[in-house]
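Undergrad: Right, I'll just put the structure down here and ask away after.
The values are calculated or read from the model by the stated rules, or taken from the named source; none is laboratory data. Keep in mind that what you see is a predicted model, and the values were worked out from it rather than measured. Positions of Cβ are backbone-derived with ideal geometry, glycine not excepted, and every protein chain shown enters the neighbour counts. Quick note on the areas: whole protein, heavy atoms, side chains included, nothing else; ligands and nucleic acids left out. Shrake-Rupley method; radii C 1.70, N 1.55, O 1.52, S 1.80 Å.
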Amino acid sequence: CETTSNNFSHQLAILLIFVLISVLFCFVFFQLFSDRSVRLPIFLVGLLLLNKVIDSNPEPFKPHFCQVLQLFSAVLQDHNNPTAVYYCILTLTVIIAYTGSEEMVRPLKECFMCVLIVALKHLIKDQASEAMEVLNELMESEVSIIVHHVADVVHFCLEVGSDITLGNLVRVKALSSIAFLIKLKSKTVLKQKLMNPILQAIFPILTAAPPPGEQDPEDNEDDSGDCTENDNPKHCAAQIIDTMALHMPPEKLFQQLMPRIETCLVHENPYERKGGLMCLAVLAEGCADHIRTKMLSSVLQTVCCSLSDSDQVVRCAGLFALGQFSEHLQPEVSKYYADLMPLLLGYLSSLNQAKIGHVTKAFYALENFMENLGSDIEPYLPTLMDTMLSALNNTENFKIKELTVSAIGAIANAAKELLVPYFPPVIESLKGFLTTTTEDMRALQTQSFDTLSVLARTIGKDVFSPLAAECIHLGLNLTDTIDDPDLRRCTYSLYSAVSTVTPDCLTPHLTAITTVMLLALKSNEGITVKSNSYIDEKEDACDALGEIAFNTGSALLKLLDIVLPCFVETIQTENERQVVMGVLESLNNVIKSCKEEVFINPLRLKEISFVIRDVLKKKTVCQDVGEDDADDEDQQAEYDAMLQEFAGEGIPLLAASVPAGNFAPFLDDLLPLIISKAKSSCTVADRSFAVGVIGEILQALVRVSGGREVAGRLSNRLLPVLVAGVKDGDPEVRNNSVFGLGCLAEAAGPIIVSDYPMMLSVFSNLLIKESDSRVIDNLCAALSRMIMSNVNAVPLEQVLLNTFRALHVVLVQSMLS
């Protein structure tokens with residue numbers, strides 16, 4: 001048993017394999033000779049063992065991966081032994097996922113991808129679904145071996161996804177792999193001209209009619225309305241188009257897509273028409289700007305026409321499309337309220353006759369549409385509220401009641417005080433739902449609390465204040481008697497809403513209220529890898545604590561002593577990134593609202609500065625969670641970036657809340673972490689974030705005592721960073737850098753007069769070639785700050801002449817375009 005490393009774990013791993021294989025060999029040998037009916041090939045046992053051991057702990061076996069891969073190249077071609085092929089592919093998936101490096105796959109020959117695809121084809125009837133995960137790992141690993149075989153992978157997956165003789169599981173896996181490939185390598189897909197073959201293959205899937213006597217999952221619902229839209233090939237086909245919309249240029253996509261959509265929309269088969277509408281719906285998010293600016297009127301007209309289609313599956317798809325448009329094409333879509341509101345009201349007038357899924361999509365469209373309607377909702381309020389109140393009083397279905405209560409909240413957000421005449425009957429209808437203790441009404445109850453919170457914030461203080469104390473008692477009584485994270489979450493939001501209306505009502509109950517919230521923050525109950533109600537409860541507890549702390553006036557200092565230490569501890573020790581993001585956001589809001597009152601206790605500045613530093617250094621518990629614990633690696637990476645942003649946004653808030661001299665030692669500690677993200681090798685998002693935070697820090701120093709001295713001392717470190725940012729290729733980075741230079745001139749004042757000639761030269765060069773109006777706007781503001789700080793250090797005539805010339809050019813270009 002030869003070892004290639006002195007590392008004990010490597011030796012132990014190899015020894016373990018040796019012992020296990022020896023034991024298994026003896027066992028199989030005994031079986032073979034004692035019972036001739038038993039025939040288990042030893043090499044198959046070895047492959048299974050190898051898979052299990054590497055899957056459980058791949059690190060010790062890393063030095064042997066090259067030999068293992070060479071072995072697999074041969075085994076994959078043994079198509080008469082599908083089990084061996086299957087174990088090889090499972091182990092290969094682990095190896096690629098673990099290393100993801102070019103070095104590990106270098107032993108594989110160019111024909112390996114062809115061998116792998118052929119092997120997968122031989123497994124297609126049985127074990128291909130799990131085995132096909134190897135394709136996703138190869139695509140994500142960025143190794144060159146797959147680059148020349150993207151077309152082979154696409155054609156294989158399309159062949160599997162289109163084969164109606166196969167089960168849904170393997171078809172879904174194949175189509176999901178295509179969506180994953182488009183997400184990772186959209187440019188390669190375009191370059192190899194694969195868009196058209198993909199669309200040609202998936203449109204028949206998207207528009208396919210279900211088998212006779214059956215319906216698509218979203219159309220086949222019982223009276224309970226519990227539609228289980230599990231993954232199926234049709235949904236995956238729509239997901240592919242959705243992914244294309246998010247990751248491909250809209251002009252190229254629409255050129256290929258619109259002829260197909262137009263053909264579907266006029267087809268006599270209702271499922272063809274439904275497919276065309278579903279396609280329009282999933283384009284709304286990724287191609288929002290393109291649709292808003294070039295074709296909003298025409299696609300809305302198409303969707304409106306579909307709402308009067310003779311077939312319900314088409315009408316239902318039209319409602320879904322309208323909901324997507326209402327969500328993603330705001331605010332422009334709200335301008336068409338005169339055309340769309342009567343159609344939606346027409347659907348809502350027949351609540352009792354329609355299927356639950358149909359009603360759900362109608363409410364979805366209505367709520368999203370009303371988001372930006374504002375006072376324009378007034379002419380429709382009588383009809384809307386009559387329909388809502390009738391549904392609450394006359395409909396027996398809890399799901400419809402829940403949708404109705406949610407819609408009332410959306411109406412309140414738009415109508416605000418216009419809803420006052422309807423407030424008494426709404427509250428009367430909600431009372432029965434708010435006080436229920438039965439489990440079957442729990443979703444309706446929590447939605448009623450959410451809507452009550454919206455009413456507290458929108459209906460007006462005079463109208464809601466008489467109910468404030470009753471709301472607090474109701475919330476406390478329910479959380480004492482019912483153990484439900486969703487219900488507790490809703491009561492937190494209600495307390496927070498009440499604090500904006502009559503904060504005095506909360507003061508006698510602050511201890512009880514904050515105790516429940518703090519227990520929720522510290523609790524590990526119900527926390528799993530996937531997000532759930534307990535995580536949502538933690539996030540809402542953070543938000544509520546922050547808002548209550550700001551609104552409770554005389555009780556503020558006492559509440560801050562409770563809330564802030566909990567925030568700091570949660571940021572450091574909480575496992576869930578989402579929760580920590582919520583805490584950081586709430587902490588920032590508290591600092592922004594309460595300013596110097598947060599730091600009456602001198603230890604708080606140190607504690608908060610250090611916890612921000614820990615997040616920026618990725619030293620908190622949630623940032624140490626391994627990728628294997630993440631339910632979605634891309635989402636977790638996005639959360640990690642947002643954590644850093646929330647932490648960075650806290651630095652200028654600290655700078656604006658305390659004397660500059662007090663914050664200076666902590667700022668010296670934090671600035672290098674921000675400056676490190678401004679390097680040219682960093683992403684555009686990081687560079688933009690870094691120079692933006694620097695600019696906001698300097699802006700904050702303008703307003704606090706001692707700020708000029710600190711800004712002047714930092715100028716030698718910050719000036720090169722900001723000047724480099726002005727020369728960046730990205731307009732957002734340039735914009736933030738110009739803003740930062742202006743703030744530096746204002747904050748440091750005479751201390752940096754000697755740098756004015758260089759700064760003016762940088763601005764002059766930028767004016768000559770800059771075309772982005774935001775950058776020019778900030779440049780003018782920066783020059784103004786320089787002039788106001790040191791008018792004698794600026795050659796006014798020359799600066800104004802150059803500026804007016806640049807503005808003239810921009811104005812002419814704008815008019816021509």
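Undergrad: Kindly establish whether residue 411 is buried (at least 20 other Cβ atoms within 10 Å of the Cβ) and at pLDDT below 90. Full working, then the answer.
TA: Numbers: buried (at least 20 other Cβ atoms within 10 Å of the Cβ): yes; at pLDDT below 90: no.
So residue 411 does not fit the description; no.
Undergrad: So residue 257 fits all but one of (1) within 24 Å of residue 174 (Cβ to Cβ); (2) open to solvent by 40 Å² or more (accessible area, probe 1.4 Å); what number is the exception?
TA: (2)
Undergrad: Another question, if that's okay. Which residues, counting only those in segment 589-603, are within 23 Å of residue 621 (Cβ to Cβ) and either of a type in the set (Phe, Trp, Tyr) or buried (at least 19 other Cβ atoms within 10 Å of the Cβ) (or both)? Before you say what the answer is, go through the steps one by one.
TA: So the first thing to find is which residues in segment 589-603 are within 23 Å of residue 621 (Cβ to Cβ), and the list is 589-591, 603.
Answer for segment 589-603, where residues must be within 23 Å of residue 621 (Cβ to Cβ) and either of a type in the set (Phe, Trp, Tyr) or buried (at least 19 other Cβ atoms within 10 Å of the Cβ) (or both): 590, 591.
Undergrad: Can you spot a residue in segment 365-379 that is farther than 20 Å from residue 338 by Cβ, part of a helix (DSSP H, G or I) and either without any contact (Cβ under 8 Å) to a residue 12 or more places away in the chain or out of contact with any Lys or Arg (no Cβ under 8 Å at 6 or more places or on another chain) (or both)?
TA: We begin by selecting, within segment 365-379, every residue farther than 20 Å from residue 338 by Cβ; these are none.
There is no residue in segment 365-379 that is farther than 20 Å from residue 338 by Cβ, part of a helix (DSSP H, G or I) and either without any contact (Cβ under 8 Å) to a residue 12 or more places away in the chain or out of contact with any Lys or Arg (no Cβ under 8 Å at 6 or more places or on another chain) (or both).
Undergrad: Name the residues in segment 352-397 that are open to solvent by less than 50 Å² (accessible area, probe 1.4 Å), modelled with pLDDT under 85 and farther than 23 Å from residue 306 by Cα, would you?
TA: 395
Undergrad: Examine segment 252-274 for a residue that is free of Cβ contacts under 8 Å to residues at least 60 places away in the same chain and among the basic types (Lys, Arg), and state whether such a residue exists.
TA: Yes, there is a match, as at least one residue in segment 252-274 is free of Cβ contacts under 8 Å to residues at least 60 places away in the same chain and among the basic types (Lys, Arg).
Undergrad: Which condition from (1) at pLDDT below 90; (2) in a helix (DSSP H, G or I); (3) within 14 Å of residue 539 (Cα to Cα) is the one that residue 587 breaks?
TA: With respect to (1) at pLDDT below 90; (2) in a helix (DSSP H, G or I); (3) within 14 Å of residue 539 (Cα to Cα), residue 587 is out only on (1).
Undergrad: On to the next question. Looking at segment 743-762, I want the residues that are assigned to a helix (DSSP H, G or I) and have a partner that is hydroxyl-bearing (Ser, Thr, Tyr) with Cβ atoms under 6 Å, at least 6 apart or on another chain. Which pairs are those?
TA: Final answer for the pair search is 745/789; 746/789; 748/715; 749/789; 752/715.
Undergrad: Answer yes or no: is there a residue in segment 761-784 that is surrounded by 15 or more Cβ atoms within 10 Å (Cβ to Cβ), of a type in the set (Val, Ile, Thr) and either in contact with a Ser or Thr (Cβ under 7 Å, 6 or more places away or on another chain) or under 17 Å from residue 699 (Cβ atoms) (or both).
TA: Scanning segment 761-784, I find no residue that is surrounded by 15 or more Cβ atoms within 10 Å (Cβ to Cβ), of a type in the set (Val, Ile, Thr) and either in contact with a Ser or Thr (Cβ under 7 Å, 6 or more places away or on another chain) or under 17 Å from residue 699 (Cβ atoms) (or both), so the answer is no.
Per-residue answers, yes or no, for (1) out of contact with any strand residue (DSSP E or B) (no Cβ under 9 Å at 6 or more places or on another chain); (2) open to solvent by 60 Å² or more (accessible area, probe 1.4 Å); (3) assigned to a loop (DSSP other than H, G, I, E, B); (4) on the phi > 0 side of the Ramachandran plot:
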{"position": "610", "(1), (2), (3), (4)": "yes, yes, no, no"}
{"position": "641", "(1), (2), (3), (4)": "yes, no, no, no"}
{"position": "657", "(1), (2), (3), (4)": "yes, no, yes, no"}
{"position": "681", "(1), (2), (3), (4)": "yes, yes, yes, no"}
{"position": "691", "(1), (2), (3), (4)": "yes, no, no, no"}
{"position": "705", "(1), (2), (3), (4)": "yes, yes, yes, no"}
{"position": "716", "(1), (2), (3), (4)": "yes, yes, no, no"}
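Undergrad: Restricting attention to segment 69-96, and to residues there that are of a type in the set (A, V, I, L, M) and more than 15 Å from residue 137 (Cβ to Cβ), which single residue is surrounded by the most Cβ atoms within 10 Å (Cβ to Cβ)? Step through it out loud before you land on a result.
TA: We begin by selecting, within segment 69-96, every residue of a type in the set (A, V, I, L, M); these are 69, 71, 74-76, 84-85, 89-90, 92, 94-96.
Among the residues that remain, those that are also more than 15 Å from residue 137 (Cβ to Cβ) are: 71, 74-76, 84-85.
On the way: 71: 14, 74: 10, 75: 17, 76: 20, 84: 20, 85: 25.
Filtering segment 69-96 for residues that are of a type in the set (A, V, I, L, M) and more than 15 Å from residue 137 (Cβ to Cβ), the one surrounded by the most Cβ atoms within 10 Å (Cβ to Cβ) comes out as 85.
Undergrad: Is it the case that segment 272-286 has a residue that's over 22 Å from residue 216 (Cα atoms), in a helix (DSSP H, G or I) and open to solvent by 10 Å² or more (accessible area, probe 1.4 Å)?
TA: Yes, some residue in segment 272-286 is over 22 Å from residue 216 (Cα atoms), in a helix (DSSP H, G or I) and open to solvent by 10 Å² or more (accessible area, probe 1.4 Å).
Undergrad: From 551, 524, which residue is at pLDDT below 80 and out of contact with any strand residue (DSSP E or B) (no Cβ under 6 Å at 6 or more places or on another chain)?
TA: On the way: 551 fails: at pLDDT below 80.
It is 524.
Undergrad: Hey, among the residues in segment 760-804 that are in contact with a helix residue (DSSP H, G or I) (Cβ under 8 Å, 6 or more places away or on another chain) and at pLDDT below 75, which one's farthest from residue 743 (Cα to Cα)? Don't jump to the end; show me each part of the working.
TA: Initially, segment 760-804 is screened for residues in contact with a helix residue (DSSP H, G or I) (Cβ under 8 Å, 6 or more places away or on another chain), giving 760, 762-764, 766-768, 770-776, 778-790, 793-796, 799, 802-803.
Going one step further and asking which of them are at pLDDT below 75, we end up with 793-796, 799, 802-803.
On the way: 793: 16, 794: 16, 795: 19, 796: 19, 799: 18, 802: 21, 803: 19 Å.
Among those residues, the one meeting the criterion is 802.
Undergrad: All but one of (1) at pLDDT 90 or above; (2) under 24 Å from residue 375 (Cβ atoms); (3) over 28 Å from the mean Cα position of the chain (by Cα) hold for residue 302; state the number of the condition that does not hold.
TA: (2)
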